Each structure stands twice: as C-alpha cells, then as structure tokens.
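Since the structure comes first, as structure tokens, the remarks are kept for the end.
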Amino acid sequence: MKLTEAVLATLKIPKTVNRKPDNESSLFMDYNFFMEKALERARKALYSGEFPVGCVIVYENKIIVTGSRIGTTGNFINEIDHAELVALKRLAELKENVDRSKIILFSTLEPCLMCYSATLINGIGKIVYAYEDVMGGCTRCNLTKLSPFYTERQIKVVPDILRNKSLELFKVYFENQKNTYWKGSLLSQYTLRQ
C-alpha cells in the first residue's frame, strides 16, 4: 500500500529518545570515527546488493567485532541476519570476558525490535545510530511497559550521528530499481522524500 504525501507529512519522528544520553561531548569525535567505520560496513553491503546497514561494536575505544546486513537479495529473504545480530553473534564467539555495560554498538540504522531486544539481553551499555528507522526502529520503546526482564535493563541511546551520510546510502539503495527489499515501504518513501 502506497502512503500519500499527506500521511507521510504527518509522521512525527522524535529527534530524542526516552532514555537521554549522558553528557559525553568529549567523545563526540569518537562517535563520528566509529560511525564512519559502521558506514564502511554499510557501503560494503550496498556494493554487494544488500540493504546498506553496517554495525561495529566498540569496547575500550577499539572495534572488537563488525557486521553488515546480509540476506536481502534473491528470492529468499533472510530476516535474521541484521547487521547488529551478525555483530552480536561474533561478539559471543570471541569468548572474552568483557564488561558488556561498557560496550557501545554503532549502527547506521536505528535498530529494529529484534536487534534492540538482543542488544538489551546481551547487556550492551549504549547504542549509537545514524539514521532513524521510521518503519521499524525501536529505540524509543517504552521499556517500563514490558516484563521485569526488560524493565531492569539500562541502556543509553544516541541518535543522529552522521545521519546524512547514512541517509545517502539508503537513497542510493532505494533509487536502484534492481533492489526490491522494502521497495515502496514506509522507510523507502520517507527516505526518498528527503
């Protein structure tokens, strides 16, 4: 179903989330650096014909694992291998004892419910993302309405880091007629209107 311009215009996408990030202006340059690395992963996915989402997981100012979206080409779409989940699987495979509350997950697209939940369950301390996902992004979920398993989790969210660079990748993806994944979706329409 194609959304009209009027419906799209009424979308109110908040620029802040319900869990405000702490004041870490001294790390803002690091956010840009690490988001650039996530954008490199997204470009790699895009050049492979995949949906352009990249992720890096950072611990003590070092990238320890990365991930890119896979499974969005061909006739059999894989909705499990999102960039964040690929990176979280690799984190589990490291078998290193790290303080996960000090890990920062950088993603070029706001995590969906599945990725957000997996990040919460894994005890990751912070999510930093570039571009808001108006269709499936869940970092604005009200955790207080969920069961104690989730409500007891603490996570900080920092949106809009290098947003326009990520937006440009999604524009390239959605403008390519060969790419059918989420073609005509709310995310596609929202992206192409900008």
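For every residue, the table says whether it meets (1) at pLDDT below 95; (2) buried (at least 22 other Cβ atoms within 10 Å of the Cβ); (3) more than 21 Å from THR139 (Cα to Cα).
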| site | (1), (2), (3) |
| --- | --- |
| VAL53 | no, yes, no |
| GLU60 | yes, no, yes |
| PHE76 | yes, no, yes |
| LYS89 | no, no, no |
| LEU94 | yes, no, yes |
Selection status of LEU91, part of a helix (DSSP H, G or I), touching a Lys or Arg at 6+ places or on another chain (Cβ under 9 Å) and over 20 Å from ASN61 (Cβ atoms):
no
Please go through the range 62-74 and pick out each residue that is open to solvent by 30 Å² or more (accessible area, probe 1.4 Å), not charged (D, E, K, R) and not in a loop (DSSP other than H, G, I, E, B).
ILE63, ILE64, THR66
Restricting attention to the range 145-183, which residues are among the small types (Gly, Ala, Ser) and at pLDDT below 90?
SER147
Working only within the range 101-113, note down all residues that are of a type outside the set (Ser, Thr, Tyr), open to solvent by 70 Å² or more (accessible area, probe 1.4 Å) and more than 30 Å from LYS171 (Cβ to Cβ).
LYS102
Against the conditions (1) touching a Leu at 6+ places or on another chain (Cβ under 8 Å); (2) surrounded by fewer than 15 Cβ atoms within 10 Å (Cβ to Cβ); (3) within 18 Å of PRO52 (Cα to Cα), where does THR151 fall short? Just the number, please.
(3)
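The values are calculated or read from the model by the stated rules, or taken from the named source; none is laboratory data. Everything numeric here is computed off the predicted structure, so don't read it as measured data. So basically every Cβ, Gly included, is an ideal-geometry build from the backbone, and we count neighbours across all protein chains shown. Quick note on the areas: whole protein, heavy atoms, side chains included, nothing else; ligands and nucleic acids left out. Shrake-Rupley method; radii C 1.70, N 1.55, O 1.52, S 1.80 Å.
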